[in-house]
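J.: After the structure tokens below, expect a handful of questions from me.
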Amino acid sequence: MEAMMTGMINNIFFIIFPIIVYQMLATAGQRNFFVSHRVTMTVLFSISIILCMLFPYQFLTDQYIFDLRQVPMIVGALYGGPLVSAMLFLVSSVGRFFIGGDGMYIAILNQFAIAAGVPFLRPLYMRVKRLGKIVLVFSISIVSLLFNMFAGAYFFGDPLGDILGIWVMLMINQGTIIVLTALLIEHMQRQEYMYNSLLKHEKMETVSHFAAAVSHELRNPLQSIKGFIQLMKEYEYSREKQVEFHSLILKEINAAEDLIDDYLVYAKPTYGQLESIAASAEIQHVMKIMAPYANVKDVEMQITYMDEQAEILIDRQKFQQALVNIIRNGIEAMPDGGTLAVAVKTSPAKVWIEVTDEGIGMTKEEVKRLGEPYFSNKIKGTGLGMMVTYSIVSQMNGQIMVDSEKGKGTEFTLEFPNFSASPKK
């Protein structure tokens, strides 16, 4: 009994393990999971068949040597179709021929019947629900073993009454295992379907956020432009007033173009030539640009630490855009003024750019949502600036870490590979 149980467990392992391997190796997001790679399926089930035949086990008595090769054959035919079924028949027939022994021709004939007949049931199998699949695979397994039982009784003269109990146990054994195998595959397919549905839902949600943000942000400049045009159409204005209106219209058009450019940066990031740049020089340049805005907001900007040797591989213009967004947010987070500190630190592998403010801070939930479309702590904000910033930094092989506490300020840390420590070509 112990030897029988060990052999049965081995055969079950030979069947289940290739299916698990397939799930690990198959590309996520397949529309027809487990059916999309018939070559892989054929190879894995062929391995199962060969191993089951090489390591059979005695079932109840010494006269019956049994294995579970029919399970991968039937399942492969149902999920793979005629071509997979034919290849599995070829593998099993060659293997059974080399093993030899009594009942070889009966076994090969039975395998041919499975390979030829089961693919015709595939459309029905794919159409029915889970209970229907269970009944179908169990029935195919029973019919296959009944064929073996009657053929064995006819050719070897064994009385059916003496062997019926053993064959009933065989049918229950193999039928249970093939049902469990089919349920495992169906579970994998269901999980993949749910994964694909989730991806689709997330994409649709992102598109919805984008549409809402675009309509909200573009409506303001378009309404202004529309208003100025209507005024110029209905009233006669002096040349000086018309020039003023033209300037305002151009300003609103430029604002709309900048908004569209920001969305394009996020949706389809395009960069110029990446170059090795001293981080200190770029940061000092951005701080000069932002100095007038900081003065208006009564914010003092200072450099607390600067490693002059730090080099990063970036697109200069996009890096400046990302840094401007972070510094501007830090300044706006201090409505009553304060200090914004910038530091550049290095290790042999990394460069860290730290931007720290003394502003209103954020909760942990708000920090987690930074960079999401249409999320902002500002009353009139859309979160577009931070969304673009996260995209830029990510595309330059960097990452953003945020440490914040409500009422105590926020620290943004931009981490990049240390290009000064990399081997130069």
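The values are calculated or read from the model by the stated rules, or taken from the named source; none is laboratory data. These numbers come from a predicted model, not from an experiment. Please note: Cβ atoms are built from the backbone with ideal geometry, for glycine as well, and neighbour counts cover all protein chains shown. Remember, those area values only see protein heavy atoms, side chains included, never the ligands or the DNA or RNA. Shrake-Rupley method; radii C 1.70, N 1.55, O 1.52, S 1.80 Å.
J.: Please calculate the 1.4 Å probe accessible area of GLU2, with all protein chains present, and give it to the nearest 10 Å².
T.: 150 Å²
J.: Run the simple label-point estimate for GLU365 and ARG328 please: 7 Å along Cα→C-beta, distance reported in nm.
T.: With each label point 7 Å from Cα toward Cβ, the separation is 2.8 nm.
J.: In addition: Amide H neighbours of VAL351 under 5 Å, at least 5 residues apart or on other chains, H built in the peptide plane: list them.
T.: The list, which skips near neighbours in sequence, is PHE416, ASN418.
J.: Something else now. For LYS350 and ARG130, FRET efficiency with R0 = 60 Å and r from the beta-carbon atoms, rounded to 0.05?
T.: Details: r = 51 Å, r/R0 = 0.85.
Given R0 = 60 Å and the Cβ-Cβ separation, E is 0.70.
J.: Counting only protein chains, not ligands or nucleic acids, how are LEU222, LEU68 ordered by accessible area (probe 1.4 Å), most first? Working shown, then result.
T.: Numbers: LEU222 105, LEU68 0 Å².
Of LEU222, LEU68, the descending order of accessible area is LEU222, LEU68.
J.: Pairs LYS200/LYS368; LYS297/LYS345; LYS297/LYS408; LYS226/LYS251; LYS368/LYS406: which exceed 20 Å Cα-Cα?
T.: Details: LYS200/LYS368 22 Å; LYS297/LYS345 27 Å; LYS297/LYS408 18 Å; LYS226/LYS251 13 Å; LYS368/LYS406 14 Å.
Violating the 20 Å limit, Cα to Cα: LYS200/LYS368; LYS297/LYS345.
J.: To continue, here is another question. Need the full-extension length gain, LYS408 to GLU234, defined as separation in residues times 0.36 nm minus the C-alpha distance. One decimal, nm.
T.: Stretched fully, the LYS408-GLU234 segment lengthens by 57.3 nm.
J.: Provide, for q = 0.15, 0.17 Å⁻¹, the log10 of I(q)/I(0) from a solvent-free Debye sum over equal Cα point scatterers in the stretch 281-369.
T.: Debye intensities relative to I(0), on a log10 scale: -0.60, -0.76.
J.: If we count every other residue with Cβ under 12 angstrom of LEU231's Cβ, Lys/Arg +1 and Asp/Glu -1, where does the sum land? If you can, show how the numbers build up before the last one.
T.: On the way: positive: LYS226, LYS233, LYS241; negative: GLU234, GLU236, GLU244.
That works out to 0.
J.: Could you work out what % of the accessible surface of the stretch 293-335 is carbon and sulfur, using a 1.4 angstrom probe and leaving DNA, RNA and ligands out of the count? Provide the component values of the computation, followed by the final result.
T.: Details: 930 of 2190 Å².
Carbon-and-sulfur percentage of accessible area, whole number: 42.
J.: Now for a different question. Report the full-extension gain for the segment ILE303 to THR40: residue separation times 0.36 nm, less the Cα-Cα distance, to one decimal in nm. If you can, show how the numbers build up before the last one.
T.: On the way: separation 263, 0.36 × 263 = 94.68 nm, distance 5.82 nm.
Net length gain for the segment: 88.9 nm.
J.: On to the next question. Gain in length, ALA113 to ALA255, computed as 0.36 nm per residue apart minus the alpha-carbon separation, to one decimal in nm?
T.: On the way: separation 142, 0.36 × 142 = 51.12 nm, distance 7.25 nm.
Gain on extension, ALA113 to ALA255, equals 43.9 nm.
J.: Next question, about the same structure. Taking the Cα-to-Cβ direction at ASN397 and at PHE120 and moving 7 Å from each Cα, how far apart do the two end points lie in nm?
T.: Between ASN397 and PHE120, the label points sit 6.0 nm apart.
J.: Same structure again: Among 227-233, 333-339, how do they line up by average Cβ neighbours within 10 Å per residue, starting with the highest?
T.: On the way: 227-233: 12.4, 333-339: 15.6.
Highest mean packing first, the order is 333-339, 227-233.
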